[in-house]
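*Asks:* Below you'll find the structure I mean.
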Amino acid sequence: MYKFFIRPILFLFDPEKVHHFTFSLLKLAFKIPFKKTAVKSIYSVSNSKLERKLFGLTFKNPVGLAAGFDKNALLYNELSNFGFGFIEIGTVTPEGQVGNPKKRLFRLKNDCGIINRMGFNNDGVDVVVKRLKHRNSDVIIGGNIGKNTSSLTDQYTDDYLYCFNALHAYVDYFVLNVSCPNVGSMAKLQDKDYLLELISNVQEANRKYEVQKPILLKIAPDLNTVQLDEVIEIIAETNLDGVIASNTSVNREGLKISKKKLEDIGNGGLSGKPIADRSTKVIKYLSEKSNKSFPIIGVGGIHTAEDALEKLNAGADLVQIYTGFIYEGPSLIKKINKAILAS
């Protein structure tokens, strides 16, 4: 129903406007009595064989929603009813910011992809915390954190620490987003020496809490083997809890869309089917080269159950969907979980 009726209608309109409209519609729909129970019965798969225990957390299933979809923690309670094992909010920054100028979100229909240059648009961490205080579901929540665009280089670490401390009581794990291609001045964040400094500072802040939260690093799919080796070294040196592989890509190779349309779209991070192989190769390299020494959350181009199994077989412990959720609809979560049980 979604792919043949709902999606064609939604895809007639601007993707960012549709996103906000869909959020409002779902908020309203879940106020209908028994809606929550009905949606859960349709989309959720409950089976102890799906449980995954990673970095001290028990995930009821390995399929999560990637950061960026519910960045402002507006809909995580409602989205949890679609069968996700975990939901990642963010990227959030200390201060709210509008992000890059519109139009900044583009569908590549023939490629089953999306290009975005949102630019960390979000309401700010303090506003997000207020919404997380109204958590009424048992789904695991991740907090994806970043820096404000206007911050100077000597303020980057303070930005991450502010978000970390503000969110600490309200999320189950953290993700340091240092690989988004849509925010200026990110080069420093991908320098090994600075990453070691940033991670060390966040871990020091974490140790001050009675209950410490897992910390993961989100990396780009465009890293070469030398850079991936550095990631493995960083994980080993800092004893970080894991990696999310991967973020969106700046690579435009192999797309069906014309060069003229790509030029009209301009800069941005590419997600969806076009980056499926790239993210899988990153997962496989990290897993094999590190001798599976740290957990990996695989994300990038998962549009079918087979895509998810490919990521898991390559070395991912959990998977996340985003563009696939938009193109394939909520039934994708159930299909993946059923395929995992059957594999």
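Every read-out reported here was derived from the displayed coordinates using simple, explicitly stated rules and does not represent laboratory data. Remember, predicted model here, so these are calculated numbers, not experimental data. Ideal geometry is used to build each Cβ from the backbone, glycine not excepted, and the neighbour counts take in all protein chains shown.
*Asks:* Per residue of the chain, what 222 nm ellipticity follows from adding -39500 (n - 2.57) for every DSSP H run with n ≥ 4, rounded to the nearest 500?
*Replies:* Theoretical 222 nm ellipticity from helices: -11000 deg cm²/dmol.
*Asks:* With Cα Rg over 2.2 N^0.38 Å as the read-out, I listed [x] 0.93; [y] 0.99; [z] 1.23; which label goes with the value calculated from this structure?
*Replies:* [x]
*Asks:* Taking K and R as +1 and D and E as -1, what net charge do the other residues with C-beta under 15 Å from the C-beta of Ser258 add up to?
*Replies:* Taking every Cβ under 15 Å from that of Ser258, the sum is +3.
*Asks:* Still on this structure, I have one more. Fewest to most neighbouring Cβ within 10 Å: what's the order for Phe69, Phe11?
*Replies:* So the residues, fewest neighbours to most, are Phe11, Phe69.
*Asks:* So which lysines can Lys40 reach, going by Cα to Cα under 19 Å and dropping same-chain residues fewer than 8 places off?
*Replies:* Lys27, Lys31, Lys49, Lys60, Lys334, Lys335, Lys338
*Asks:* Would you mind ranking Met118, Met1 so that the residue whose beta carbon has the fewest other beta carbons within 10 Å leads the list?
*Replies:* With the fewest neighbours first, Met118, Met1 line up as Met1, Met118.
*Asks:* Would you list, by chain and number, the lysines whose Cα falls below 21 Å from the Cα of Lys261, excluding same-chain residues fewer than 8 positions away?
*Replies:* Lys17, Lys102, Lys103, Lys109, Lys273
*Asks:* Give me the percent of DSSP beta bridges within the chain that run antiparallel, rounded to the nearest 5.
*Replies:* 30
*Asks:* Note down the relative contact order for the chain as a percent, whole number, built from C-alpha pairs under 8 angstrom at least six residues apart.
*Replies:* Relative contact order, the chain: 17 percent.
*Asks:* Among His168, His20, rank each residue by its count of other Cβ atoms within 10 Å, from fewest to most, as a rough exposure measure.
*Replies:* Fewest-to-most Cβ neighbours within 10 Å comes out as His20, His168.
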